[in-house]
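*Asks:* Can you read through this structure? Questions will come right after.
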Amino acid sequence: MSVLSPSEPLHFALIGTPNSGKTALFNALTGSRQKVANYPGVTVERKSGLLQTPGGRSVNLIDLPGTYSLRARSPDEEVTRDFVLGRFKSETAPDLLLCVADSTNLRLALRLVLELKRVGRPLLLVLNMIDIARRRGIDIDLDILSAELGVPVITAAAVRRGGTDDLMRRLDELAAAADAVRTGATWQAPTPAELRAAQREADRIIAAAVKMPAKPDTLTTRLDAVLLHPVAGLVILLALLFVMFQAVFSWAQPLMDLINDGFGALGALAHSTLPGGLLQSFVENGVISGVGSVIVFLPQILILFLFILLLEDLGYMARAAFLMDRIMGGAGLHGRAFIPLLSSFACAIPGIMATRVIDNPRDRLTTILVAPLMTCSARIPVYTLIISAFIPNRTIWGFASLQGVVMFGLYAAGILSALGVSALAKFLFWRESPTPPFMLELPDYKLPRPRSVLTGVYTRAKMFLHRAGTTIFSMMVLIWFLASFPRPPAGATGPDIDYSLAAWIGHALEPVLAPIGFNWQINVALIPGMAAREVAVAALGTVYAIEGGKENASQIGQALLQHWSLPTALAVLAWYIFAPQCASTLAVIKRETGSWRWMAVTFAYMLALAYVAAFATYHVAVALGAG
Amino acid sequence: MRIPEPAMSEVIQMALGLAQRGFRGRITAIAVQPGTSDLPTGELERRLLELGFTEGASVEILHEGLFGRDPIAVRINDATVAIRRREAMAILVS
């Protein structure tokens, strides 16, 4: 036992079943004073925030992953269990547990409260969403509830202004209680018999303390009649996904262009103010375009998370998983994987970040592994450049343009390979481990509150810039270094990159990449192309000594037509479907999985697929006489 | 746990996993047969209990998926839970 001096911050933890509005309460109590990190050694998100009690005590509040029981079944729930039991070496054991419950759905929460009592730490039950319960005519007798449970009970409406005032007022009282002596923990994993007994006890308490209205609220049932309809439900889901895809893909574009132009102008400014040479190149190509290449993703991430958080708060996400479970399940993916995978058509980075909606770590990892195979928008400039230069613009089958068919084929190859890889990953890595069952509560629909959603979006944005920014930025500097050193000798005639380490690597790779039809110029362009796929277009322009980069795509296309054979062009297309040509994606995979291993696995398997695909494409095309 | 034969029990008992949409009844037992789940022994039973599938609770199948009428959305007392038919085979109802 430790007696804390009043000046030291107290440690309170929020615990509760999924959909209890725990995170909304956390947002309401801590506002934007939040920190999101990972627990050491695991990929579970650790959310903490600071708050001040009216009496001036500062409290460090931790939002624990949602759970139905302390009997841990996933890494998320292990974190909750170990944290609550004070088993985490790096974490201070909580002085007070705030168990959050949805007032309209108390059955499972009360069983959890009964289990938490055995932890031997001060405990408080927070009846969240009390406003909704009252509006529906659910009458909860707080005194009976508190007496029967043997736990203080307080009401809250996290999403309402002033909805947490009662709780804040009680916090000082609770803080004093938190300093009191604790009883010893007697918790151990409950047996089925104990679970049954606890649920019977919880049901008995509900019968004593809660009066349900004579006429239950049927809004959710009526909405679900349409939204969960086997056919209409899927159609509505697809329409929703289409709007979301459009939003991430095209609504973000003006903002992204603006950011691009802004950084372009900044780069030009640096170019004109700094004296020519290394410093100028470092600031312009290393720092400014490096930072710019990270920030440019921000609009997509903001829009995507806005949609995800709105749908999550609305209660629709669980329904979407229900509708998609069978379809995604065929490829060994979880029903919730479709939103991350769909977002990956815009960019794999927000897609990989969105895998956080998948609570099972194994399903989440599979989704992260295959997300980069979805054809992201950065591949489009490369595809269009090569297609418009090499594929004749003619109509086939009477109605389809050949160029369009090739483009569609590239997209389809990406999707099919993602499904194939996830099925293979399931077979290779998780053959022994059991298929996790799909069991999910479908919460009642609730109107999302702008304040809570915006706090969530803000936290994501901050996290993206903070975490991915540092790793991506250092990779950009490395790529700049490779493309810039050593400097060209005096009197050199070719472009600078011809004399750099990148060119040296390009030549060194020739024996390896020649079998797939790549010449050394392509190899050189692949290196700055690691920064972002579309950079390869400008890099090809540079190695073929064409000024102007992307704006001059048609001229680059002409140069390619002179220097490449058709099999080479097709091999480059096949390469780009699979190749792990994006340092930012790899960095985000490292961040999100918390391990170099999964980043290496992704890099290796994509590289292998790219090589095999390009090799096959090249040789089939040559054999068919296209060379 | 042993499942009584339908003929031996007074009320007809069936697995929730076989029930049609619109079915209403009460849970009589949670009985995991071998092969119902890939989870370790006893794990599925505890998970079902933790989601509120306890003996005596009222259940109704509200919705089902398009393919193979799977998964199903089950109203259990005052909450709704989505579950695959495979796991619902362990929930006996009457």
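*Asks:* Tell me, in nm to one decimal, what length is gained between A:ARG200 and A:SER401 on full extension, where the rule is 0.36 nm per residue of separation less the Cα-Cα distance? Each step should come with its number before you reach the end.
*Replies:* Details: separation 201, 0.36 × 201 = 72.36 nm, distance 6.63 nm.
That pair, A:ARG200 and A:SER401, stretches by 65.7 nm at full extension.
*Asks:* A further question follows. Give the relative contact order (percent, whole number) for chain A; include only Cα pairs under 8 Å separated by 6+ residues.
*Replies:* Values: 942 pairs, mean separation 67.0, N = 627.
Rounded, it is 11 percent for chain A.
*Asks:* From other protein chains only, count the Cβ atoms within 10 Å of every residue's Cβ in B:32-42, then give the mean. Numbers along the way, then the final one.
*Replies:* Values: counts 1, 0, 0, 0, 1, 4, 5, 5, 1, 0, 2.
Average neighbour count from other chains, rounded to a whole number: 2.
*Asks:* Continuing with the same structure: Bin by bin, in steps of 10 Å, what percent of the Cα pairs in the protein assembly as shown do you find, going until the bin that has the longest distance?
*Replies:* Final binned percentages: 3, 13, 22, 22, 17, 12, 8, 3, 0, 0.
*Asks:* Rounded to a whole number of µm²/s, how large is the Stokes-Einstein D of segment A:132-280 at 10 °C and 1.306 mPa s, given Rh as the Kirkwood radius over C-alpha pairs?
*Replies:* 69
*Asks:* For segment A:475-623, what is the relative contact order in percent, using Cα pairs closer than 8 Å and at least 6 residues apart in sequence?
*Replies:* Numbers: 191 pairs, mean separation 32.2, N = 149.
Computed value for segment A:475-623: 22 percent relative contact order.
*Asks:* Out of all Cα-Cα pairs in segment B:14-93, roughly what percent, to the nearest whole number, are more than 23 Å apart?
*Replies:* Details: 354 of 3160 pairs.
Of all Cα-Cα distances in segment B:14-93, 11 percent exceed 23 Å.
*Asks:* Here's a follow-up. Within 10 Å of each Cβ in peptide B:68-75, how many partner chain Cβ atoms are there on average? Round it to a whole number, please.
*Replies:* Partner-chain Cβ atoms within 10 Å, mean over residues of B:68-75: 4.
*Asks:* With a/c under 1.5 counting as rounded, go ahead and sort segment A:293-334 into rounded, prolate or oblate using the C-alpha gyration tensor (a ≥ b ≥ c being the square roots of the eigenvalues; past the cut-off, prolate if a/b is larger than b/c, else oblate). The partial results should precede the final answer.
*Replies:* On the way: a/c = 5.45, a/b = 1.65, b/c = 3.30.
The shape class here is oblate.
*Asks:* To make sure I understand, if each residue's beta carbon is the centre and we count other beta carbons within 10 Å, what order do A:PHE464, A:PHE408 fall in, fewest to most?
*Replies:* Details: A:PHE464 23, A:PHE408 11.
Going from sparsest to densest Cβ surroundings: A:PHE408, A:PHE464.
*Asks:* Also, I was wondering about something else. Hey, could you get me the Stokes-Einstein D for segment A:321-453, Kirkwood radius over alpha-carbon pairs, 37 °C and 0.692 mPa s, rounded to whole µm² s⁻¹?
*Replies:* Details: Rh = 16.9 Å.
The calculation lands on 194 µm²/s.
*Asks:* For A:TYR458 and A:THR384 in one chain, what is 0.36 nm times their gap in residues minus the Cα-Cα distance, to one decimal in nm? Display every interim value, and only then the final one.
*Replies:* Numbers: separation 74, 0.36 × 74 = 26.64 nm, distance 3.50 nm.
Gain on stretching A:TYR458 to A:THR384: 23.1 nm.
*Asks:* Treat the count of other C-beta atoms within 10 Å as a stand-in for reagent exposure and order A:THR186, A:THR17 from fewest to most.
*Replies:* Working: A:THR186 9, A:THR17 25.
With the fewest neighbours first, A:THR186, A:THR17 line up as A:THR186, A:THR17.
*Asks:* Moving on to the next point. Rg(Cα) of segment A:475-623 divided by 2.2 N^0.38 Å? The partial results should precede the final answer.
*Replies:* Values: Rg = 15.7 Å, N = 149, 2.2 N^0.38 = 14.7 Å.
Rounded to two decimals, the normalised Rg is 1.07.
*Asks:* To continue, here is another question. Roughly how compact is segment A:10-217, stated as its Cα Rg over 2.2 N^0.38 Å to two decimals?
*Replies:* On the way: Rg = 16.4 Å, N = 208, 2.2 N^0.38 = 16.7 Å.
So the Cα radius of gyration is 0.98 times the expected 2.2 N^0.38 Å.
*Asks:* If each residue's Cβ is checked for other Cβ atoms within 10 Å, how do A:ILE387, A:ILE327 rank with the fewest at the top?
*Replies:* Details: A:ILE387 19, A:ILE327 15.
With the sparsest Cβ surroundings first, the list reads A:ILE327, A:ILE387.
None of the figures in this text is laboratory data; all of them are computed from the coordinates on show. Computed from a predicted model, the values in this text were never measured in an experiment. Positions of Cβ are generated from backbone atoms using ideal geometry, with glycine treated the same way; all protein chains shown enter the neighbour counts.
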